[in-house]
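A short worksheet on the structure shown next.
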Amino acid sequence: MNGFLRLFEQRIRGIRLIELIGFVLVFGMIFWVCLSKAREGEDVKRMNDLDRQIAEQQDAVGSLKIKVAQLERPARLEALAVTYLGMKPVEPAHEASLENLSEISHTTSRPVQAPSASLTTPQAPAQDFISTTPQKQAPQASQGVAIAGSHP
């Protein structure tokens, strides 16, 4: 206990040791607060930049949603289907009611034929509605023609 009390009475160049320790701690805390404020200012600046970027991104998302809504208009899609795919609306004569479905299924049903096993490759469709370039047909392999890379 005497050692602890001596801490309050011990002097260095006329200043008590406990007061010197107190001043060092106070200046250390002041320095720490100044550093914290400087970091806080940088963080606030960074958060403001992030908020600005978020607002810009939300504006871009809003404009993209408007663009998607314009592109998905039914009238536009119908015009594209008619122009590029040759589709047209169903005529009233081709519509069926629920009562007629069983009659239609009995009159149009046919047995499924098994595909024939032949050596020829299936032909590609003559016209591709999606691409503008015509498709090339695959060459047919015959039994008398040697295929490159094969040995008899």
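Are there any pairs, at least 6 apart or on different chains, whose C-beta atoms fall under 8 Å, with the first in the stretch 5-28 and surrounded by 10 or more Cβ atoms within 10 Å (Cβ to Cβ) and the second basic (Lys, Arg), and if so, which?
If the second residue must be basic (Lys, Arg), the pairs left are Phe8/Arg16; Gln10/Arg16; Leu17/Arg11.
Confirm whether Ile12 is at pLDDT below 90 and of a type in the set (Val, Ile, Thr).
In short, yes.
Just to be sure, is Val82 surrounded by 10 or more Cβ atoms within 10 Å (Cβ to Cβ), of a type outside the set (Lys, Arg) and modelled with pLDDT of 85 or more?
Yes; evaluated as a whole, the condition is true for this residue.
The values are calculated or read from the model by the stated rules, or taken from the named source; none is laboratory data. Model, not experiment: these values are computed from the prediction. Ideal geometry is used to build each Cβ from the backbone, glycine not excepted, and the neighbour counts take in all protein chains shown.
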